Amino acid sequence: MKKLVYVSDTLISVSIRVIKRLWKVEKSNEFPEGLEFAIQLLDRDNKLWKQILRIDNQLHDGKPGVHIHKKGYVQWLDITFEEAEELIGRYANEN
């Protein structure tokens, strides 16, 4: 069971966009809270949206947990969905 419970697509400026998705999933070792999420910060490159960074708790190379994808690297974080939203907001304000 995977049910989308929240989605938001917000323009921060003409060239910065934040997309948030939150799903309710069955509790497991991968998702102990029963929630799966992904938050993306995108930048407009001409007519295309290009990912600046992404924070999610989806499996990465088979490993569970919250992590951030930024410019070719992955950093593991111990944060909640709400904290990930705040972190994305700080990055968005920098751009």
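Rule-based calculations on the coordinates, nothing more; no lab input. Note that the coordinates shown come from a computational prediction; the quantities given were computed from them, not determined experimentally. All Cβ positions, even for glycine, are placed from backbone atoms using ideal geometry, and neighbour counts span all protein chains on display.
Within segment 1-83, considering only strands (runs of 3 or more DSSP E) that don't extend past its boundaries, which have at least 1 residues that are of a type in the set (Lys, Arg) and over 20 Å from Glu94 (Cα atoms)? Spell out the reasoning first.
Working: elements: 2-11, 16-25, 35-45, 48-56, 67-70, 73-76.
Those strands (runs of 3 or more DSSP E) span 2-11, 16-25.
In segment 43-78, which residues are closer than 22 Å to Ser28 by Cα and crowded, with 16+ Cβ neighbours inside 10 Å?
Ile55, Asp56, Asn57, Val66, His67, Ile68
Select from segment 5-39 the residues that are surrounded by 15 or more Cβ atoms within 10 Å (Cβ to Cβ), without any contact (Cβ under 8 Å) to a residue 24 or more places away in the chain and either within 16 Å of Leu77 (Cα to Cα) or of a type in the set (Lys, Arg) (or both) and list them in ascending order.
Answer for segment 5-39, where residues must be surrounded by 15 or more Cβ atoms within 10 Å (Cβ to Cβ), without any contact (Cβ under 8 Å) to a residue 24 or more places away in the chain and either within 16 Å of Leu77 (Cα to Cα) or of a type in the set (Lys, Arg) (or both): Arg21, Lys24, Ala38.
Restricting to segment 18-32, name every residue that is among the aliphatic types (A, V, I, L, M) and within 17 Å of Glu85 (Cβ to Cβ). Reasoning before the result, please.
First pass over segment 18-32, keeping only residues among the aliphatic types (A, V, I, L, M): 18-19, 22, 25.
Across segment 18-32, the qualifying residues are Val18, Ile19, Leu22.
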